[in-house]
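Read the structure below first, then the notes.
Just so you know, all these numbers are worked out from the coordinates, no wet-lab data involved. Since the model is a prediction, treat every value here as computed from it, not as a measurement. Cβ placement follows ideal geometry from the backbone for every residue including glycine, while neighbour counts extend to all protein chains displayed.
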Amino acid sequence: MYAEQAECKANPAALKFNCTQRAHQNTLEFVPIVVIGTLVTGFKCPLLATALGSAFSVGRVLYTYGYKTGDPAKRLPGGIISNGAATGLLLGATYSAYQLFLSL
């Protein structure tokens, strides 16, 4: 770990690559939540699911651009947008599942 940090400080391109790679991995961790949340929310609220899914995508792009700079403060706006959208999708999926359960 320490050798990697020293390499990144010596080579700005390595820092940019490592930060971009970490941002990509962080995005992949969210994908199952967002896909399932979008599908389930879309049963009852398709426009909400579309809006939140789009907001998540835009937020992750902003997050990646901010993360690759190496400055943690620059990734915050994209993180807020994408995490807020993912939370909205989870809440929307919960609501949709509850409504579908009541209609049985």
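Rank the residues CYS19, CYS45 as a footprinting-exposure proxy: fewest other Cβ atoms within 10 Å of their Cβ go first.
Listing CYS19, CYS45 from fewest to most nearby Cβ atoms yields CYS45, CYS19.
Note the count of lysine pairs whose C-alpha atoms are less than 27 angstrom apart in the chain, limited to pairs 8 or more residues apart or on different chains. Can you show the working numbers first?
Values: LYS9/LYS68; LYS9/LYS74; LYS16/LYS68; LYS16/LYS74.
Lysine pairs meeting both conditions in the chain amount to 4.
When the chain is fully extended, how far beyond the present Cα-Cα distance does ALA51 get from LEU28, taking 0.36 nm per residue of separation?
6.3 nm
With +1 assigned to the C-beta of every Lys and Arg and -1 to the C-beta of every Asp and Glu, and no other charges, what is the dipole magnitude of the chain about the Cα centre in debye, to the nearest 20?
It works out to roughly 160 debye.
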